[in-house]
Amino acid sequence: MREEVEKALQKIRPMLQADGGDVELVEVTDDGIVKLKLQGACKGCPMSTYTLKMGIERFLKKEVPEVKSVEEVS
């Protein structure tokens, strides 16, 4: 599942980079939890929680149905 998540992240990475941010895949657990580290402008941005849950999580669930949720790690 990690490879599928990586491929999906590559599709949305340009949008994050356009705003000066990025995302790093830290871990994909066996129970479908994706752990990400926000980078650049995304790190500490007041909208980062919204971006993570409503943007990245929603997209990953659509692309990789096994994904249950996305969490930010530092």
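The values are calculated or read from the model by the stated rules, or taken from the named source; none is laboratory data. Fair warning: this is a prediction, and the values are worked out from it, not measured in the lab. Here Cβ is always computed from backbone atoms with ideal geometry, including for glycine, and neighbour counts include all displayed protein chains. For accessibility, only protein heavy atoms count, side chains too; no ligands or nucleic acids. Shrake-Rupley method; radii C 1.70, N 1.55, O 1.52, S 1.80 Å.
Computed values, structure above
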| quantity | calculated |
| --- | --- |
| Cβ-defined net charge surrounding R2, 12 Å radius [Lys, Arg +1; Asp, Glu -1] | -4 |
| Heavy-atom surface of the chain, accessible at 1.4 Å and reported per residue (Å²) | 62 |
| Binned Cα-Cα distance frequencies in the chain - 10 Å width, integer % | 21, 60, 18, 0 |
| For the chain, share of DSSP beta bridges that run antiparallel, in % to the nearest 5 | 65 |
| Close Lys-Lys pairs in the range 21-74, where close means Cα under 16 Å and separation is 8 or more or interchain | 9 |
